[in-house]
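Everything below concerns the one structure shown next.
The values are calculated or read from the model by the stated rules, or taken from the named source; none is laboratory data. Just so it is clear, the structure is predicted and the values come from calculations on it, not from any experiment. Backbone-built Cβ (ideal geometry, glycine too); neighbour counts: all protein chains shown.
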Amino acid sequence: MDTSRLGRRELVGLLGGLLLILGVFVKAYEARPENPNANIDGLKGVQAIWDVHPLLRWLLLAAAIAPFILAYIIAANRELSWARGEMSAVVAVAAFGLVFYNGIIDRPGQPAGEIELEIGWYLALAGTIIMFVTAALRSTESERPRKPPGTI
């Protein structure tokens, strides 16, 4: 394994994965204190993604290891049947969709309009974007072999 094969792009991708991990554990939602009826799962105050979403937290942590796996594949010079970074980009898009949906479209808590997004949600969102951009840029580096017309 040769870590000198890792470029700046892969290191930035690792930073994106770390931001996603950090975003899961840092405060992400806050029930507005001026509204006595605002709560998140019956609790008032600040909550992290880890506290609020029992399934999503594991999915995001699993997605956060994608840039680490990509870095390993590049450092170990492993051969793949697809472009390096392609699967990491797909994982990052799925993680982005989950974070975005749970922060903008279906915010946890009651009433949803009285729940504010905090730094943890923004860190998780930024992490997924960084992961996607770096993985997508890596996947464009490898050229796919052309197939004859009419084949799948």
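Residues that are of a type in the set (A, V, I, L, M) and surrounded by fewer than 17 Cβ atoms within 10 Å (Cβ to Cβ) were ranked within the range 94-125; the one that is farthest from Asn35 (Cα to Cα) is Ala94. Taking every residue in the range 120-134 that is without any contact (Cβ under 8 Å) to a residue 40 or more places away in the chain and pairing it with any residue that is assigned to a helix (DSSP H, G or I) and crowded, with 24+ Cβ neighbours inside 10 Å, at least 6 positions away or on another chain, yields no pair with a Cβ-Cβ distance below 7 Å. Among the residues of the range 1-35, those that are assigned to a loop (DSSP other than H, G, I, E, B) and either under 28 Å from Pro54 (Cα atoms) or touching a His at 6+ places or on another chain (Cβ under 7 Å) (or both) comprise Val26, Arg32, Pro33, Glu34, Asn35. Taking Ile74 and the conditions (1) surrounded by 16 or more Cβ atoms within 10 Å (Cβ to Cβ); (2) modelled with pLDDT of 95 or more, which numbered condition does it fall short on, given that it satisfies the others? In the conditions (1) surrounded by 16 or more Cβ atoms within 10 Å (Cβ to Cβ); (2) modelled with pLDDT of 95 or more, Ile74 misses (2) alone.
Note on the range 52-81: residues that are touching a residue at least 40 places away in the same chain (Cβ under 8 Å) and either closer than 16 Å to Leu22 by Cβ or of a type in the set (A, V, I, L, M, F, W, C) (or both) total 16.
Checked against (1) in a helix (DSSP H, G or I); (2) free of Cβ contacts under 8 Å to residues at least 24 places away in the same chain; (3) among the polar types (S, T, N, Q), Asn102 passes all but a single condition, namely (2). Give the range 135-150 a look and list any residue that's in contact (Cβ under 8 Å) with a residue 40 or more places away in the chain and either of a type outside the set (S, T, N, Q) or in contact with a Cys (Cβ under 9 Å, 6 or more places away or on another chain) (or both), or say none. Correct list: Ala135, Ala136, Leu137, Arg138, Glu141, Arg144.
Report, by residue number, each residue of the range 77-110 that is over 18 Å from Leu6 (Cα atoms) and hydroxyl-bearing (Ser, Thr, Tyr).
Correct list: Ser81, Tyr101.
Hey, among the residues in the range 111-152 that are among the polar types (S, T, N, Q) and in contact with a helix residue (DSSP H, G or I) (Cβ under 8 Å, 6 or more places away or on another chain), which one's farthest from Glu86 (Cα to Cα)? Ranking the qualifying residues of the range 111-152, first place goes to Thr128. When Ile130, Ile115, Ile104 are checked against the criterion of being in contact with a Gly (Cβ under 7 Å, 6 or more places away or on another chain) and under 20 Å from Val46 (Cβ atoms), Ile115 stands alone in meeting it. Put simply, of Leu80, Leu125 the only residue that is modelled with pLDDT of 95 or more and on the phi < 0 side of the Ramachandran plot is Leu125. Checking each residue in the range 80-99 for being part of a helix (DSSP H, G or I) and over 20 Å from Leu14 (Cβ atoms) picks out Gly97, Leu98.
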